[in-house]
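Please read the structure below before turning to the comments.
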Amino acid sequence: MHLRSAVMALMAVAATPALAGVQPFPGSFTTSDIATNGTSLHVRIGGEGPAVVLLHGYGETGDMWAPLAADLAKDHKVIVPDLRGLGLSQRPEGGYDKKTQGQDIAGLLDALDVGQVEVVAHDIGNMVAYAFAAEHRDRVTKLVLMDAPLPGVGPWDEILKNPLLWHFRFGGPDMERLVAGRERIYLDRFWNEFSAKPANFDEASREHYAALYALPGAMHAGFAQFAAFDQDAVDNQAFMAAGKLTMPVLAVGGEASFGTTMAAVTGFAASNVKGAVIKGAGHWLMEEQPAATVAVVRGFLHGRE
């Protein structure tokens with residue numbers, strides 16, 4: 001559904017100085033809503049050159065990528081969607097398995113007449129990126145996966161036992177009612193517990209993302225992203241049975257989060273993996289250590305890592 005009144009209200013709030021902590025995209029970027037795969041994605045586009053797609057994760061939207069997008073737009077065409085159901089994208093009832101969302105990205109690129117592409121992803125964006133790359137192996141030239149596992153890949157069953165990941169099984173209508181009007185309280189748990197220093201995920205950014213997740217249907221869509229993990233695991237095991245990814249892959253972990261484990265886990269799904277660890281960061285790499293994260297991603301995309 002189109003949430004025009006809610007979006008207009010949110011945009012009015014976003015224009016206030018209180019939300020200055022979220023870096024805006026360069027003025028040269030355009031925004032549009034692009035139909036794809038039975039839904040519509042809110043997309044920011046800027047720059048010229050080889051195409052790169054940036055896929056965000058849970059607790060954020062495509063807005064998280066503004067510093068990296070500004071840097072890459074110097075020599076790339078940068079495409080930054082909000083995932084299905086999140087941010088300002090449409091919120092269909094279903095399709096939150098990552099295979100379907102990978103098809104969202106394929107359709108988006110088709111609509112933009114983009115063929116081959118580099119992909120940079122974080123958190124749930126990793127899962128969408130892997131599904132897209134596994135089904136379009138000749139289309140993805142380089143892949144960056146940042147600080148989150150892939151369902152069904154490597155030690156997935158052991159990862160699920162980590163008590164910090166309680167939210168993987170938290171969802172449903174009762175949970176939606178519990179967090180309605182308390183989205184900020186719920187999201188603060190992740191921003192605090194998964195940061196090396198919670199203060200590095202600043203107050204303005206928290207207000208910004210909490211307002212987006214308070215939009216009608218946004219928490220429902222967020223819970224649906226996690227509820228699809230069992231199907232994602234089945235799909236990913238089928239992808240792996242078809243062979244490991246062969247394009248260059250950079251697996252980035254936060255020093256206080258997945259660290260070197262990120263590369264080890266990614267090695268189960270890809271054969272050409274390099275690892276990188278961002279010092280002084282937890283899970284929220286772009287908020288905690290943006291300059292270091294941008295440098296590592298740019299270096300890899302330009303063959304210097």
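The values are calculated or read from the model by the stated rules, or taken from the named source; none is laboratory data. Being a predicted model, the structure only gives us computed values, none of them experimental. As a convention, Cβ positions derive from the backbone with ideal geometry for all residues, glycine included, and neighbour counts pool all protein chains shown.
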Inset, instruction - State all residues of the stretch 63-95 that are assigned to a loop (DSSP other than H, G, I, E, B), out of contact with any Phe, Trp or Tyr (no Cβ under 8 Å at 6 or more places or on another chain), farther than 18 Å from residue 35 by Cβ and of a type outside the set (Asp, Glu); if no residue qualifies, say none. - result: 74, 76
Inset, instruction - Count, please, the residues in the stretch 133-148 that happen to be part of a loop (DSSP other than H, G, I, E, B), over 17 Å from the mean Cα position of the chain (by Cα) and not acidic (Asp, Glu). - result: 3
Inset, instruction - Identify the residue in the stretch 220-244 that is of a type in the set (A, V, I, L, M, F, W, C) and over 16 Å from the mean Cα position of the chain (by Cα) and, among all such residues, is surrounded by the most Cβ atoms within 10 Å (Cβ to Cβ). - result: 239
Inset, instruction - Working carefully through the options 256, 292, 251, 263, find the one that is modelled with pLDDT of 95 or more and in a loop (DSSP other than H, G, I, E, B). - result: 256
Inset, instruction - Consider residue 53 carefully, then state whether it is part of a strand (DSSP E or B), more than 22 Å from residue 134 (Cβ to Cβ) and in contact (Cβ under 8 Å) with a residue 40 or more places away in the chain. - result: no
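Conditions tested, residue by residue: (1) under 19 Å from residue 43 (Cα atoms); (2) of a type outside the set (A, V, I, L, M, F, W, C).
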residue	(1), (2)
66	yes, no
85	yes, yes
114	yes, no
122	yes, yes
153	no, no
Inset, instruction - For residue 151, indicate whether it is modelled with pLDDT of 85 or more, in contact with a helix residue (DSSP H, G or I) (Cβ under 7 Å, 6 or more places away or on another chain) and assigned to a loop (DSSP other than H, G, I, E, B). - result: yes
Legend entry - residue 274 surrounded by fewer than 17 Cβ atoms within 10 Å (Cβ to Cβ), in contact (Cβ under 8 Å) with a residue 12 or more places away in the chain and within 16 Å of residue 121 (Cβ to Cβ): yes
Inset, instruction - Among the numbered conditions (1) within 14 Å of the chain's Cα centre (by Cα); (2) within 18 Å of residue 98 (Cα to Cα); (3) surrounded by fewer than 24 Cβ atoms within 10 Å (Cβ to Cβ), tell me where residue 66 comes up short. - result: (2)
